[in-house]
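Structure first, commentary second.
The values are calculated or read from the model by the stated rules, or taken from the named source; none is laboratory data. As the structure is a prediction and not an experimental result, all values here were calculated from the model. Cβ: placed from backbone, ideal geometry, glycine included. Neighbour counts: every protein chain shown. With ligands, DNA and RNA removed, areas are computed over all heavy atoms of the protein, side chains included. Shrake-Rupley method; radii C 1.70, N 1.55, O 1.52, S 1.80 Å.
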Amino acid sequence: MYRGVRARLAPWLLAGFGLAFTGVAVVWHLGIETQRIGQVGGPVLALGLDGLLPLVLVYGSYRLVSSSTPGEQIWTVFVWSVAGSLAVGTVIGLSVFIRMMEGRTIAEPVFVTLLAMETGAVTGLIAGTLAVRARQDASRATRTANTLSFVNDLLRHDIANGLVVIDGRETIIRRNADSETIQTAADAIREQVTELDSLVDNAGAVVETLGPDPTFEPTDVVGIAEAVIQRIEQTHPIAIEFQASGSAMARTNEAARPVLRNLIENAIEHGTPAAELSAEGTATDGAALQSEAPRAEAGQSTGDKRDHPSVFVAIRETGDVVEIHVVDDGPGIPDDRRDNIFDPRAGDTHGGGLHLVETLVTSFGGDIYLADSASEFDTDFADTDLDGAHFVVELQRA
């Protein structure tokens, strides 16, 4: 009951607070001060200052009402305005009182104190309005995050259920296949279901990582890298050389999987001539799956392409950091693009793979940067002939 009443009264109270100051200024300057000093010019000028300033409160009340700000939030602005006026007025009033105790002559304490209180009231109005808007923005952000989280959970649930159905139909097709062509199609369906199921899991990890309270735990990035490389090599006729000694535990989660996948696929896309990939019939994003026969032909068409690495991946632990290095065999990154290589790309609704990678790595509390060249490798750690773009990810060691 009380909250509803004050919400309805808040705009009137705020406007009335300003009008009260204006009324006091009119009475003091035109009613009292003009009689004391016997002139009108000075009091009128003073009234033009401390009589008009509080009208900002009246205008602020109008703006808040016209913007459909809830009355309870206008009440908050009113409280801020009153608090600001009392705070500044108290400070100025105490300073005047101290000077009077010292026996000093104060020429015009009322005008100074009144002007100070009005300034504090306007400052409180501005601060309260900003506080209310910040609270509104935070509330909208929370609702948006909750909505996106709900939609993400719903889509992942529905997609997972759909994949179960597709996988079941694939099993039926496989059991009743009467030709190698149908068997090959069933294999392609199974591989795609596995890939999509992995993407659904990764999407959940990404959402959790970018959420307000992510959970990280010791994760073996070597094991994740091995799984990612194995999967990519099944869909790309490209050799990937991987060097790591044992396991490497980093403070992260399953979202490290899309980090590695995007870096390696970026290396494939920019490190291998697009014409060769087109001739091989393989998509760089891993979307096109080949049967065993076409893959064999692709391997033959590239000569010794699969015998020599086109992408180099290395992982090591050093100090309290786990380093992930990804190097391609391309021409490298032009100097004019190095500073904004992780920026979102125009036309990409998702911001680009490298932007996603940087966002996730930063969320892990790690760092990612573009090294000058593969020659920066410590030869005791890794050795490669590739000298293209060299990305380095540093994660906190667990």
Do we find that residue 21 is open to solvent by 60 Å² or more (accessible area, probe 1.4 Å), assigned to a helix (DSSP H, G or I), aromatic (Phe, Trp, Tyr) and farther than 30 Å from residue 138 by Cβ in this structure?
-> no
Selection within the stretch 179-212 - in a loop (DSSP other than H, G, I, E, B) and under 16 Å from the mean Cα position of the chain (by Cα) | 211, 212
Residues (within 13 Å of residue 8 (Cα to Cα) and among the acidic types (Asp, Glu)) located in the stretch 45-75 = 72
Within the stretch 181-198, track down each residue that is open to solvent by less than 50 Å² (accessible area, probe 1.4 Å) and under 28 Å from residue 256 (Cα atoms).
-> 188, 191, 193, 195, 198
Enumerate the pairs (first residue in the stretch 360-387 and under 17 Å from residue 271 (Cβ atoms) and modelled with pLDDT under 70; second residue anywhere and in a loop (DSSP other than H, G, I, E, B) and of a type outside the set (D, E, K, R)) with beta-carbon separation below 8 Å, excluding pairs fewer than 6 apart on the same chain, so at least 6 apart or on different chains.
-> 373/332; 374/384; 374/386; 374/388; 377/384
So which pairs qualify, if the first residue must be in the stretch 243-262 and open to solvent by 10 Å² or more (accessible area, probe 1.4 Å), the second must be assigned to a strand (DSSP E or B) and small (Gly, Ala, Ser), the Cβ gap must be under 6 Å, and the two must be at least 6 apart or on different chains?
-> 243/314
Answer yes or no: is there a residue in the stretch 50-61 that is exposed (fewer than 14 other Cβ atoms within 10 Å of the Cβ) and out of contact with any strand residue (DSSP E or B) (no Cβ under 9 Å at 6 or more places or on another chain).
-> yes
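Looking at this structure, is residue 79 of a type outside the set (Asp, Glu) and over 38 Å from the mean Cα position of the chain (by Cα)? Don't jump to the end; show me each part of the working.
Values: of a type outside the set (Asp, Glu): yes; over 38 Å from the mean Cα position of the chain (by Cα): no.
When the stated conditions are applied, residue 79 does not pass them.
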Select, from 178, 201, the only residue that is under 30 Å from residue 313 (Cβ atoms), modelled with pLDDT under 85 and surrounded by fewer than 16 Cβ atoms within 10 Å (Cβ to Cβ).
-> 201
Which condition number in (1) of a type in the set (A, V, I, L, M, F, W, C); (2) open to solvent by less than 90 Å² (accessible area, probe 1.4 Å); (3) not in a helix (DSSP H, G or I) is the one that residue 7 fails?
-> (3)
Give me the pairs, please: first residue somewhere in the stretch 157-180 and within 12 Å of residue 193 (Cα to Cα), second residue anywhere and of a type in the set (Gly, Ala, Ser) and part of a helix (DSSP H, G or I), beta-carbon distance under 8 Å, and either six or more positions apart or on two chains.
-> 170/186
Name the residues in the stretch 10-56 that are touching a residue at least 60 places away in the same chain (Cβ under 8 Å) and either of a type in the set (S, T, N, Q) or more than 23 Å from residue 108 (Cβ to Cβ) (or both), would you?
-> 10, 11, 13, 14, 17
Residues (open to solvent by 80 Å² or more (accessible area, probe 1.4 Å) and aromatic (Phe, Trp, Tyr)) located in the stretch 65-107 = 80, 97
Only one of these conditions is not met by residue 348: (1) at pLDDT 85 or above; (2) loosely packed, with under 14 Cβ neighbours inside 10 Å. Which number is it?
-> (1)
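In the stretch 234-241, is there at least one residue being at pLDDT 80 or above and assigned to a strand (DSSP E or B)? Break it down into steps so the answer makes sense when it comes.
As a first pass, look at the stretch 234-241 and keep what is at pLDDT 80 or above: 238-241.
So of that shortlist, the ones also assigned to a strand (DSSP E or B) come out as 240-241.
Yes, because at least one residue in the stretch 234-241 is at pLDDT 80 or above and assigned to a strand (DSSP E or B).
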